[in-house]
Amino acid sequence: MARKPSEDLLSPVTLVIGQEELLLDRAVAQTVAAARAADADTDVRDLAPGVLQPGMLAELTSPSLFSERKVIVVRAAQDVPADAVKELKAYLEDPAPETMLVLVHAGGAKGKGVVDAARKAGAREVSCPKVTKPAEKLAFVRAEFRTAGRSATEDACRALLDAVGSDLRELASACSQLAADTEGTIDEAVVARYYTGRAESTGFQVADLAVTGRTAEALGQLRWALAVGEKPTGIVYALASGVRAIGRVATADRSMRPADLARELGMPPWKIDRVRQQMGRWSGDAVAHALQAIAQADAAVKGGATDPAYALEQCVVTISRAARGAGAAR
């Protein structure tokens, strides 16, 4: 008979399930912190994927000479070998005292027997689904500022999402930096100051020209932006924001009104109108090709190349080609 799910952070078994890496790591860290708060001498064994083999679990959960609490973290539990799964299921029926087992599972059909066994054992369950929708990412940014005890405007949250991108680790880091380095309400101007350089409008002008295929003008504006002190990283952010916006709007329901689409995508209505005007001959393949070029430029301006300006020029040319329907030609 299945036991009632636990809500205790010190539960003998915790099931962390999902594919959002940052949230998975946070769930594990929360469990470890709770264990160490209860016993500062807690012994933590964080097993990398593929490490747990037959016979290891019995050794890891055996009583300690010093009787300290143990936390055993099994990563990628869906990939545990069949023989070790049998031992794991047997252990779940009778967990060792003063031992906390944390199973990190990606979800899905693979290794579902481990999930079922953990649930039957009354495991505390933490869900970490992939954050994919713009509204969910926006909610994540809001929550990060709230957790840090800071107030941020809606426009600031959206500007940060546009500037930093969709990676949750980068967003969390950006929120943490702004919370630590600024005072008062975090607004759009604060985000622009930190993430788009001193002449941020110039960087976005480069992006606006590039995404409409105006190569010569975009290159000229790029050289001016660099000359007046625009940071290369700020220009990359602007280019990424422009291309991502096109990808998001292009894949949305075109029958929706700008106001409704704005709410769905977490973008202001005026930006929806502008992006629709910029879409031109963009295709899904072209967007992917442009984003790849932006990723390469991002690496280059952060130390991966000796000439960041040249890397940015190549990126602008690639984006402009994509805008003219030739983005995936190479």
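The packing ranking of peptides 289-302, 204-217, 165-178, 81-94, highest mean first, is 204-217, 289-302, 165-178, 81-94, where packing means the average number of other beta carbon atoms within 10 angstrom of each residue.
Per residue, the average separation of C-alpha pairs within less than 8 Å and at least 6 apart gives the range 200-323 a relative contact order of 35 percent. Karplus-derived 3J(HN,Hα) values for the range 266-279, using 6.51 cos²θ - 1.76 cosθ + 1.60 with θ = phi - 60°, are x, 10, x, x, 4, 6, 4, 4, 5, 5, 4, 6, 7, 4 Hz; glycine and proline are entered as x. Estimated at 0.36 nm per residue, the fully extended path between V317 and T147 surpasses their Cα-Cα distance by 57.1 nm. For the range 109-117, 3J(HN,Hα) computed residue by residue from phi via the Karplus equation (6.51, -1.76, 1.60; θ = phi - 60°) reads 6, 5, x, 5, x, 5, 4, 4, 5 Hz, glycine and proline entered as x. Summarising the amide proton neighbourhood of I186: residues at separation of 5 or more, or on other chains, whose placed amide H is nearer than 5 Å comprise S151, A152, T153.
Relative intensity of the chain on a log10 scale, I(q)/I(0) at q = 0.06, 0.07 Å⁻¹, equals -0.30, -0.41, per a Debye sum over C-alpha point scatterers of equal strength in the absence of solvent.
Return the Rg/Rh ratio of the range 20-105 with Cα-based radii and a Kirkwood Rh. Show your work: numbers first, answer last.
Values: Rg = 12.7 Å, Rh = 13.3 Å.
Reported Rg/Rh, Kirkwood definition of Rh: 0.95.
Highest mean first, the peptides 28-39, 134-145 sorted by other C-beta atoms within 10 Å per residue fall in the order 134-145, 28-39. Taking a straight line from the alpha carbon of K86, these lysines sit under 19 Å away, with near neighbours fewer than eight places off in the same chain left out: K110, K112, K120. Between L52 and any residue 5 or more places off or on another chain, the built amide H atoms are never under 5 Å apart.
Note on the chain: helix-only mean residue ellipticity at 222 nm, from DSSP H runs of 4+ residues weighted -39500 (n - 2.57) and normalised by residue number, equals -17500 deg cm²/dmol.
Here the 3J(HN,Hα) profile of the range 14-27, calculated from phi with Karplus coefficients 6.51, -1.76 and 1.60 at θ = phi - 60°, is 10, 10, 9, 10, x, 10, 8, 3, 4, 5, 4, 5, 5, 5 Hz, Gly and Pro shown as x. Dipole magnitude for the range 200-323: about 260 debye, using +1 per Lys or Arg Cβ and -1 per Asp or Glu Cβ, origin at the Cα centre.
The overall shape of the range 134-195 is rounded: from the C-alpha gyration tensor, with semi-axes ordered a ≥ b ≥ c, the ratio a/c is less than 1.5. Taking amide H positions as modeled 1.01 Å from N, with prolines and chain starts lacking one, the residues under 5 Å from K70 and 5 or more places away or on another chain are D43, T99, M100.
Rounded if a/c is under 1.5, else prolate if a/b is larger than b/c, else oblate: which is the range 59-150, with a ≥ b ≥ c the root eigenvalues of its Cα gyration tensor? In terms of gyration-tensor shape, oblate.
Where a number appears in this text, it was derived from the coordinates with a stated rule and is not lab data. The structure displayed is predicted, hence computed values, not measured ones. Positions of Cβ are generated from backbone atoms using ideal geometry, with glycine treated the same way; all protein chains shown enter the neighbour counts.
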